[in-house]
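In what follows, a structure is listed as structure tokens, so that the remarks can point back to it.
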Amino acid sequence: MKICMVILAVLLLGGCNMENGKLDASDIPTIPSILPSAMPSILPSIQPSAAATESPVALGVFITEILDTDQSRVHNLQLCASMLTGVTVAPGEEFSFNDTVGRRTEEKGYEEAIILVEGKREYAVGGGICQISSTLYNAAASAGMEILERHNHTGEVHYVEVGRDAAVSFGEQDFRFRNPLDAPVTIEVTVENTEVKAVLYKNVT
């Protein structure tokens, strides 16, 4: 509106210096331009949140099927998984299944379920958790962890192929690995929908 009024005033004062219906460019006042650099900053400085700068990356994932759905065995699997989920292994640190889970006892809530002893099926408190250790072993191996200790069962198990199991027995057989990465890894083990799933995550900044 102000620009139009200025042009109109120029035309009136200058006698409308027009020929053939054209306005002489010299009669149009110069309008100063406003550069973006001259405009005040109205946006606040935004700092990225921790969630934006740090996110987990799945390094290794492995799933085994629960074929033996005995209630006590599944209960042992769930209890053991809860002991492992959230455990973080620092760079260069060693993970021990037995040290982390501890002795499997009735006081801790474990129940009797089938185990393999010299290739024979027997009942023992904490039976079934070798499926957890075996699933975690395969996830750790695929994540590039350095496997320090792993044992085969004395007989064939139904949830993994031969040579891909990890038998554990407190005080006798352990499953251990070292984190060779320059960042910590976090373990997650879930038991649901007749499956055991183990994931190793790495936090990346």
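The values are calculated or read from the model by the stated rules, or taken from the named source; none is laboratory data. Computed from a prediction, not measured in an experiment: that's the story for all the values here. Counting neighbours? That spans all protein chains shown, and the Cβs are built from the backbone with ideal geometry, glycine included. Ligands, DNA and RNA are stripped out before the accessible areas are found, and what is left, the full protein with its side chains, is counted by its heavy atoms. Shrake-Rupley method; radii C 1.70, N 1.55, O 1.52, S 1.80 Å.
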| note | Listed by range, strands (runs of 3 or more DSSP E) wholly within region 1-118 having at least 1 residues that are at pLDDT below 95 and over 24 Å from the mean Cα position of the chain (by Cα) are 112-117
| request: Taking Gly92 as the residue in question, decide whether it is over 17 Å from Phe62 (Cα atoms) and either open to solvent by less than 30 Å² (accessible area, probe 1.4 Å) or hydroxyl-bearing (Ser, Thr, Tyr) (or both). | output: no
| query | Would you pick out the residues in region 123-137 that are out of contact with any Ser or Thr (no Cβ under 8 Å at 6 or more places or on another chain), assigned to a helix (DSSP H, G or I) and not small (Gly, Ala, Ser)? | reply | Cys130, Ile132, Leu136, Tyr137
| task | Would you be able to tell me the number of residues in region 187-205 that are in contact with a Gly (Cβ under 7 Å, 6 or more places away or on another chain) and of a type in the set (S, T, N, Q)? | result | 0
| query | Could you list, in sequence order, the residues of region 164-205 that are over 16 Å from the mean Cα position of the chain (by Cα), surrounded by fewer than 18 Cβ atoms within 10 Å (Cβ to Cβ) and touching a residue at least 12 places away in the same chain (Cβ under 8 Å)? | reply | Arg164, Phe170, Gly171, Arg178, Pro180, Asp182, Thr194, Glu195
| field | Count of residues meeting criterion [hydrophobic (A, V, I, L, M, F, W, C), touching a residue at least 60 places away in the same chain (Cβ under 8 Å) and in a loop (DSSP other than H, G, I, E, B)] in region 138-157 | value | 2
